[in-house]
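*Asks:* Below: one structure in structure tokens.
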Amino acid sequence: MAKFEVKIPKMGESVAEATITSWLKEVGSSVELDEAIVEIATDKVDSEVPSEVEGTLIEILYDVDSVVKVGDTIAIIETLGENESTNTTDEVEVVDEATTIELEKEVNEVIETTSIEKKSASGKFYSPLVRNIAEKEGVSIEQLEAIVGTGKDNRVTKDDIFAYLESGKNEVTPVEKKEPVSKNIIENKTAVKPVTPVSVNGGDEIIEMSRMGKLIAHHMSESVQTSAHVQSFIEVDVTNIVKWRNKIKDQFFAREGEKITYTPIFMQAVAKAIKQYPMINISVDGDKIIKRKNINLGMAAALPDGNLIVPVIKNADQLNLVGITRSVNDLANRARTGKLNPDDIQDGTYTVTNVGSFGSVFGTPIINQPQVAILALGAIRKVPAVIETPEGDFIGIRHKMFISHSYDHRVVNGALGGMFIKVIKDYLEAWSVDAKF
């Protein structure tokens, strides 16, 4: 018999951990090769982990809702062969006292990072381990809230509370709560805005946010706090594009087997504009700017539960209109059916969202971090417009739309933000009714 370790797979450069949402197999269940055994979720997408071997599931190391790092072992499968895998746990080792202490330390660290969090009245979160230490050592909740955390999102770790105890807990005083909020923000950039209690009446319905909803809410709030959002708007006459699409859509479908919408045309225009203004295709890392080599366009798409996700068209500037159309249709269809892979939503460098699909004339979208800009496409409408001709001006019916550009004013100034969408406008308005595809 041999034992195979099931690990959390790598799911993209920016994904470091995943949450176990459901075990599809129980201990003692037989497992086939490539059979899904667990469902996991990241802040990007949900996916299944298939088995790389055939055998029997003999151990599950993490419960549902546990947060596990990429590469960590989450289960053990017993196989029929001997030494079939490099991920073997057959060897029995003699553990000395020093090793036992080290293992206990590692276990405590795992407990601290994966256990269910508790929060105080002020909104701060503390793990059960930290709370148990505080109760054992007589540390009050007021003293606990005064400790500056060094963990993720400034969370208090067990090392922080031990350091506090060693320094003498009477030496640390709680932060003055009566100090004006504006002064706190000036003196401490990490000052937390107080949460206003929400009253609930008898007839009100309380709805628990979904996991994805919580992640989106956090991502959006973090983006607003990170980037200095500013917007530019421009109106585009897309009459020729509307006429062209109506003219060729049946021929396009017959030849390519794909329905052509307006989205691929807009994506192609954005890719061309980024080629002309590459400083839109950047990210910010502290005081450094990362200029992206590839142009990977994210497109906001609806999920089955109504939330939005942003699958990515990789190297969009290298695709012709047919290629972009295939990518747009494929990603949109798999988003609607919940079949996106983790790689489908990785490495985006610029995002486009179609608010016009919901009837909005224009919108002010929030930047998809760590990008620095996002484009919103408004609804295409028939409007009366002034048409200039050699014989003079007259009023006619035109198809027009607004596009709005949200960008990070820390690194993108108004001139660049405005010139970028002006190039998109020029490209779209120069579209020929007789264009080939």
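The values are calculated or read from the model by the stated rules, or taken from the named source; none is laboratory data. This is a predicted model, so every value here is computed, not measured. Here Cβ is always computed from backbone atoms with ideal geometry, including for glycine, and neighbour counts include all displayed protein chains.
*Asks:* Is it the case, given these coordinates, that G348 is assigned to a loop (DSSP other than H, G, I, E, B) and either surrounded by 19 or more Cβ atoms within 10 Å (Cβ to Cβ) or touching a Phe, Trp or Tyr at 6+ places or on another chain (Cβ under 7 Å) (or both)? Break it down into steps so the answer makes sense when it comes.
*Replies:* Working: assigned to a loop (DSSP other than H, G, I, E, B): yes; either surrounded by 19 or more Cβ atoms within 10 Å (Cβ to Cβ) or touching a Phe, Trp or Tyr at 6+ places or on another chain (Cβ under 7 Å) (or both): yes.
Here the answer is yes, as G348 does meet what is asked.
*Asks:* Kindly indicate which of M220, M209 is at negative phi, surrounded by fewer than 11 Cβ atoms within 10 Å (Cβ to Cβ) and not charged (D, E, K, R). Explain how you work it out, then say what you get.
*Replies:* Working: M220 fails: surrounded by fewer than 11 Cβ atoms within 10 Å (Cβ to Cβ).
Going through M220, M209 in turn, just one is at negative phi, surrounded by fewer than 11 Cβ atoms within 10 Å (Cβ to Cβ) and not charged (D, E, K, R): M209.
*Asks:* Can you tell me which residues in the range 14-36 are β-branched (V, I, T) and more than 15 Å from S66 (Cβ to Cβ)? Lay out the reasoning, then the answer.
*Replies:* Restricting attention to the range 14-36, the residues satisfying the condition of being β-branched (V, I, T) are 15, 19-21, 27, 31.
Selection gives V15, V27, V31.
*Asks:* Could you tell me which residue of the range 131-156 is modelled with the lowest pLDDT, considering only residues that are in contact with an Asp or Glu (Cβ under 8 Å, 6 or more places away or on another chain) and hydrophobic (A, V, I, L, M, F, W, C)?
*Replies:* Ranking the qualifying residues of the range 131-156, first place goes to V148.
*Asks:* In addition: Between G323, G298, which is assigned by TED's automatic domain parsing to the domain that holds A273, in contact (Cβ under 8 Å) with a residue 12 or more places away in the chain and small (G, A, S)?
*Replies:* On the way: G323 fails: in contact (Cβ under 8 Å) with a residue 12 or more places away in the chain.
Only one candidate qualifies: G298.
*Asks:* Continuing with this model, one more query. Which of the residues spanning the range 334-345 are crowded, with 20+ Cβ neighbours inside 10 Å and either free of Cβ contacts under 8 Å to residues at least 60 places away in the same chain or outside the structural domain of K291 (by TED's automatic domain parsing) (or both)? Spell out how you get there, then give the answer.
*Replies:* Initially, the range 334-345 is screened for residues crowded, with 20+ Cβ neighbours inside 10 Å, giving 335, 340, 344-345.
Once the filter is applied, which keeps residues that are crowded, with 20+ Cβ neighbours inside 10 Å and either free of Cβ contacts under 8 Å to residues at least 60 places away in the same chain or outside the structural domain of K291 (by TED's automatic domain parsing) (or both), the range 334-345 yields only A335.
*Asks:* Any residue that is acidic (D, E) and more than 23 Å from A379 (Cβ to Cβ) - is there at least one of those in the range 230-238? First the steps, then the outcome.
*Replies:* Of the range 230-238, the ones acidic (D, E) are 235, 237.
Among the residues that remain, those that are also more than 23 Å from A379 (Cβ to Cβ) are: none.
Looking through the range 230-238, none of the residues is acidic (D, E) and more than 23 Å from A379 (Cβ to Cβ).
*Asks:* Looking at the range 227-251, I want the residues that are more than 18 Å from F402 (Cα to Cα) and have a partner that is buried (at least 16 other Cβ atoms within 10 Å of the Cβ) and not basic (K, R) with Cβ atoms under 6 Å, at least 6 apart or on another chain. Which pairs are those?
*Replies:* Between residues of the range 227-251 that are more than 18 Å from F402 (Cα to Cα) and residues that are buried (at least 16 other Cβ atoms within 10 Å of the Cβ) and not basic (K, R), the close pairs are S227/I367; S227/D408; H229/S406; K249/I260.
*Asks:* If you don't mind, there's one more thing I want to ask. Among the residues of the range 222-257, which ones are charged (D, E, K, R) and closer than 22 Å to S283 by Cα?
*Replies:* Taking the range 222-257 and keeping what is charged (D, E, K, R), we get 222, 235, 237, 243, 245, 247, 249-250, 255-256.
Correct list: E222 only.
*Asks:* Would you confirm, using the coordinates I've provided, whether G306 is loosely packed, with under 14 Cβ neighbours inside 10 Å, modelled with pLDDT under 95 and over 28 Å from S47 (Cβ atoms)?
*Replies:* Values: loosely packed, with under 14 Cβ neighbours inside 10 Å: yes; modelled with pLDDT under 95: yes; over 28 Å from S47 (Cβ atoms): no.
So G306 fails the test.
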